[in-house]
Amino acid sequence: LLFHLWESIGQRFGYYFLRENCALRLAELLTVATGEDFGIDPMLWYAPVTFFHHLEDADRESGGALVQSVKFLPSSQRVLYHEFSKLDVSSRNLFNNVISQELRLSDALGALPGLQERVALLDVLLAYYQYRLAPYPKDDESKKARVLNERKDEVLLLRLALPPSSAPDNDEIKPLTPPSKGSKPSKGGVAFARNSEFGGYLRGEFSSFHYDSIGNNNLAGSALVVLDASFGYSESEGLFIDQVDFVRARKINVNTVRIAGESTWSWDVATGLKRDRLDCTSCLEIYGSAAIGRALQIGQDWTAHATIEGRLESKGDRVTL
């Protein structure tokens, strides 16, 4: 595997989300190293999460010879939220004032009563700048990256002058379900339906990538659906389109951590094609919708959310908002 990676240095690859993506490249590397089949020659698509399902299947067939362990590594954002939640109210306010440039860092430290409070504030500030710098390459010379690095260096110099503290206990962070334990990305279904205008009909549906908000997915209640199509067939109407969602995405944000600049909004967007009348199989219209709102986590198993939605529908020369 290492030798093949060395040979691949400098090679450029095209990127296509539903087929030639990062997961397919990883599958190709492991195929070279192990000789196992990770589905690297897909007929139509290779959704990123597909790789993990192939890996689990291959590991099971090999008697557990491929995967020794699976470890949850929290993102820099998740670590930041966890560490910030442990600060007291006054330290949280000082933190937000520092990152929004309303208060100098030295003044914030001077307002704290003890050494442990200053250490905790500096540690969370380091986690914050680590999170904000994550999207930038190490050699990024843009103004934004440069400013973030300067602020991080200021925090780091002050932190090095204080005694060490224990490392963040990431074991306290609730792990997410591994991608391989979630639902597989494609979905298909067959049903029988009845319409008062043209009677009973068969209904089939298929989605190339389908993670709905409910069920065993690993998007923490959010959703991403790509090319979700449903068709109907009856003797009187023949084959007809019921509905096609080109893209449907939902972000359920139950974040209760109030960090300056961090969004607490939930949102929903969709675009597709649908019948505008249930008694007409050829009356199709294009639609697009967007919604924004709030979500609330209730215990471990329930999430409540409310949104306000705007919808644009177009049929021929008629557009409706």
With a 1.4 Å probe and all protein chains kept in place, how do Thr256, Thr50 rank by accessible area, largest first? Thr256, Thr50
In whole percent, and with a 1.4 Å probe on the protein chains, what portion of the accessible area of the chain is carbon and sulfur? 57 percent
Once the mean of 1/r over all distinct C-alpha pairs in segment 1-120 is inverted, the Kirkwood radius in Å reads 18.8 Å
Quick check: the distance between the Cα centres of segment 69-94 and segment 1-50, to the nearest angstrom? 33 Å
Per residue, what accessible area does segment 1-127 have, given a 1.4 Å probe and all protein chains present, in Å²? 63 Å²
Compute the Rg/Rh shape ratio of segment 246-321: radius of gyration over Kirkwood radius, all on alpha-carbon atoms. 1.14
Do you know the relative contact order of the chain, to the nearest whole percent, from alpha carbon pairs under 8 angstrom that are 6+ apart? 9 percent
Roll a 1.4 Å probe over the protein chains and send me the accessible area per residue for segment 188-248 in Å². 54 Å²
Additional length obtainable on full extension of the chain from Glu28 to Thr307, 0.36 nm per residue less Cα span: 96.2 nm
In a solvent-free Debye calculation with one equal scatterer on each Cα, what is log10 I(q)/I(0) for segment 234-273 at q = 0.15, 0.22, 0.28 Å⁻¹, listed in the order of the q values? -0.57, -0.79, -0.93
If each Cα of segment 173-234 is one equal point scatterer, what is log10 of I(q)/I(0) from the Debye formula at q = 0.14, 0.15, 0.20, 0.29 Å⁻¹? -0.53, -0.58, -0.79, -1.15
Roughly how many Å² of Phe51 are accessible to a 1.4 Å probe, to the nearest 10? 10 Å²
Starting from the residue with the highest accessible area, list Leu202, Leu122 in decreasing order, probe 1.4 Å. Leu202, Leu122
XL table Lys174/Lys251; Lys86/Lys152; Lys86/Lys138; Lys86/Lys143; Cα-Cα > 26 Å flagged, in table order, is Lys86/Lys138; Lys86/Lys143
Go through Asp107, Asp139, Asp242 and list them by solvent-accessible area, largest first, probe radius 1.4 Å. Asp139, Asp107, Asp242
From a point 7 Å beyond the Cα of Lys181 in the direction of its Cβ, which residues of segment 42-68 have a backbone N at a distance under 15 Å? 53, 56
Can you give the Rg and Dmax of segment 50-145 based on its C-alpha atoms, in angstrom? 20.1, 61
Per residue, how much space in cubic angstrom lies within the convex hull of the C-alpha atoms of the chain? 225 Å³
Percentage relative contact order, segment 38-153, counting C-alpha pairs under 8 Å, at least six apart: 21 percent
Per-residue accessible area for Glu309 at 1.4 Å probe radius, Å² rounded to 10? 110 Å²
From the backbone phi of segment 102-117, what are the Karplus-calculated ³J(HN,Hα) couplings (6.51 cos²θ - 1.76 cosθ + 1.60, θ = phi - 60°) in whole Hz, Gly and Pro given as x? 8, 8, 6, 4, 4, 5, 5, 5, x, 7, 8, x, x, 5, 4, 5
When Rg is the radius of gyration of the Cα atoms in segment 80-201 and Rh is its Kirkwood radius, what does Rg/Rh come to? 1.31
Just check segment 1-45 against the gyration tensor rule for me: Cα atoms, a ≥ b ≥ c as the square roots of the eigenvalues, rounded for a/c under 1.5, and otherwise prolate or oblate depending on whether a/b exceeds b/c. oblate
Over all viewing directions the Cα convex hull of segment 151-255 casts an average projected area in nm² of 11.3 nm²
Across segment 100-148, how large is the tail of the calculated P(r) beyond 14 Å, expressed as a percent of all Cα pairs? 61 percent
Tell me, what is the FRET efficiency for Phe246 and Asp57 to the nearest 0.05, using R0 = 30 angstrom and their Cβ-Cβ distance as r? 0.50
Output needed: Cys residues of the chain lacking any neighbouring Cys C-beta below 4.7 Å, sorted by number. Cys22
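The values are calculated or read from the model by the stated rules, or taken from the named source; none is laboratory data. Note that the structure is predicted; figures quoted are calculated from it, not measured. When we count neighbours, we look across all protein chains shown, and the Cβ atoms used for this are built from the backbone with ideal geometry, even at glycine. Areas reflect the complete protein model, heavy atoms only, side chains present, ligands, DNA and RNA absent. Shrake-Rupley method; radii C 1.70, N 1.55, O 1.52, S 1.80 Å.
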